[in-house]
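For reference, the structure discussed in these notes is given below.
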Amino acid sequence: MRVHASGGGPAVLWIHGYTMDSSTWHDLWALLPGRRHVGVDLPGHGGSGPMPPGTTLPGLAAELAAVARAEGARDVVALSFGSLAGIQLAIDAPDVVRRLVVGAPTIAGAPSEPGTAPRYRELMALRRAGADGAALADVWMSSPPDIFRGTQAHPRLRASLRSVIARHGWDELRTGAMAAFHRHTHSDRALGAIRADTLVLVGDAEMPTFAANAERLGAVVPRCRVARMAEAGHLCMIERPEAAARLIRPHLERSRDGAEA
C-alpha cells in the first residue's frame with residue numbers, strides 16, 4: 001500500500017473511504033497539528049496496486065497492522081469503508097490500536113443501505129460498457145444511497161472528491177476483489193473484545209443503516225463514545241473538518257502522554 005505522511009509528532013494512521021485516497025484527509029490534517037499523519041491508499045485506490053481477488057478483511061487488516069507498526073502509529077482514524085478495516089484492525093491487533101476513531105461506521109455483516117446493491121449493478125454495467133472515470137464518478141456520487149448527499153452543501157469538497165473518484169480504476173467491479181469483505185461478519189463478541197478507546201462520529205443526516213451501526217458500537221464496544229455531528233451526512237469528518245477536529249483532538253490527546261483509561 002502507498003503511504004503518504006505529513007507533519008511531525010506521535011503518528012496517526014488514517015484509512016480513507018471507498019473510491020477515495022489519502023488526499024481526502026488533507027484539510028483535517030491541517031487542523032490537527034503536532035501529529036505525524038500517516039495516510040494509506042488502500043489496495044486498488046490512489047497510488048496503491050490493485051486489490052488481489054480473494055483478499056479477506058483480516059488479510060487487509062494484517063497489511064494495515066504492518067504499516068502501523070512500521071510507522072509507530074498507535075492511533076487510527078477511519079471513515080466509511082475504511083472503518084470496516086479499522087474495526088478489523090482493532091479486533092485483530094489490539095497491541096497496535098490504542099485509540100480508534102471511526103466515522104460513518106461500517107460493520108461487516110450488517111445490513112446494507114437500501115439502494116446500494118442496484119447502484120453497484122449499475123456501476124458494473126457501465127464499467128463493462130467502457131464508461132470513463134468521470135461518468136462512473138457521477139453515477140457513484142448520486143443518490144440513493146446518500147453517501148455523498150452531504151457534500152452538496154460543500155461545493156469545493158464535492159468537486160475535489162469527484163476528481164479523486166474519477167481517477168479510481170474500478171478494477172474491483174471487474175474482478176470481484178471485494179466480495180470476500182461482504183462474506184465476513186463482525187459479531188457482537190468480536191466487537192466487544194476491542195480494547196481501544198473508541199470514538200464513533202455520526203452525522204445527524206447519516207443514513208439509517210450507519211446510524212444503527214453507531215448505536216451498536218456504542219452498546220457493545222467496552223470503551224466507546226458516540227458523538228453526533230450537526231449538519232453532517234455520511235462523510236461527516238471531511239464534510240465538516242473543523243467540527244471533526246474539535247472531537248478528534250481531545251480523544252487523541254489522551255494517548256500523547258501514554259495515559260490509559
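May I ask for the net charge around Asp41, where only other residues with Cβ less than 12 Å from the Cβ of Asp41 are counted and Lys, Arg are +1 while Asp, Glu are -1? Provide the component values of the computation, followed by the final result.
Values: positive: Arg2, Arg167; negative: Asp21, Glu63.
Result for the neighbourhood of Asp41: 0.
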For the stretch 159-216, just run the numbers: alpha carbon Rg, then divide by 2.2 N^0.38 Å, N being how many residues it has. 1.56
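Stokes-Einstein D for the stretch 12-106 at 37 °C, 0.692 mPa s, Kirkwood Rh over Cα pairs, in µm²/s?
On the way: Rh = 13.1 Å.
Estimated via Stokes-Einstein, D reaches 250 µm²/s.
How long is the gain from His26 to Asp204 if the chain were fully straight, where each residue apart is worth 0.36 nm and the alpha carbon distance is subtracted? Could you put the intermediate results ahead of the total?
On the way: separation 178, 0.36 × 178 = 64.08 nm, distance 2.33 nm.
So the chain would gain 61.8 nm between His26 and Asp204.
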Once the Cα gyration tensor of the chain is diagonalised, semi-axes √(5λ) in Å: 27, 20, 19
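Which whole-number percentage describes the relative contact order of the chain, with Cα contacts under 8 Å and a sequence gap of 6 or more?
After rounding, I find 22 percent.
Less than 15 Å Cβ to Cβ from Leu136, Lys/Arg counted +1 and Asp/Glu -1: what total charge do the surrounding residues give? Walk me through the numbers before you get to the answer.
Values: positive: Arg119, Arg121, Arg127, Arg128, Arg162, Arg167, Arg174; negative: Glu122, Asp132, Asp138, Asp171, Glu172.
Surrounding charge for Leu136 is +2.
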On Cα atoms only, tilt of 57-71 relative to the major axis of the chain in degrees: 50
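Note down the relative contact order for the stretch 116-204 as a percent, whole number, built from C-alpha pairs under 8 angstrom at least six residues apart. Don't skip to the answer; put the middle values down first.
Values: 46 pairs, mean separation 25.1, N = 89.
Dividing the mean separation by the residue count of the stretch 116-204 yields 28 percent.
Given the -39500 (n - 2.57) contribution per DSSP H run of 4+ residues, what per-residue ellipticity at 222 nm results for the chain, rounded to the nearest 500 deg cm²/dmol? Intermediate results must be reported in sequence, preceding the final value.
Values: 12 runs with 113 residues, N = 261.
Calculated at 222 nm, the ellipticity per residue is -12500 deg cm²/dmol.
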Note on the stretch 39-142: contact order normalised by length, alpha-carbon pairs under 8 Å, 6 or more apart, percent, works out to 19
Distance in nm between Ala5 and Ala212 label points, each 7 Å along Cα→Cβ, equals 4.2
From the square roots a ≥ b ≥ c of the eigenvalues of the alpha-carbon gyration tensor of the stretch 174-252, which class results: rounded (a/c under 1.5), prolate (a/b over b/c), or oblate? oblate
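In a shell of Cβ-Cβ distance under 12 Å around Glu215, excluding Glu215 itself, what net charge do Lys and Arg (+1) and Asp and Glu (-1) give?
On the way: positive: Arg216, Arg228; negative: Glu206.
Surrounding charge for Glu215 is +1.
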Cα Rg, Dmax, the stretch 74-164, angstrom units: 15.8, 46
Pairwise FRET efficiency - Arg183 versus Asp132, Cβ, R0 = 45 Å, nearest 0.05: 0.90
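Rule-based calculations on the coordinates, nothing more; no lab input. Everything quoted here is computed from the prediction, not taken from an experiment. Neighbour counts run over all protein chains shown; Cβ positions are idealised from the backbone, glycine included.
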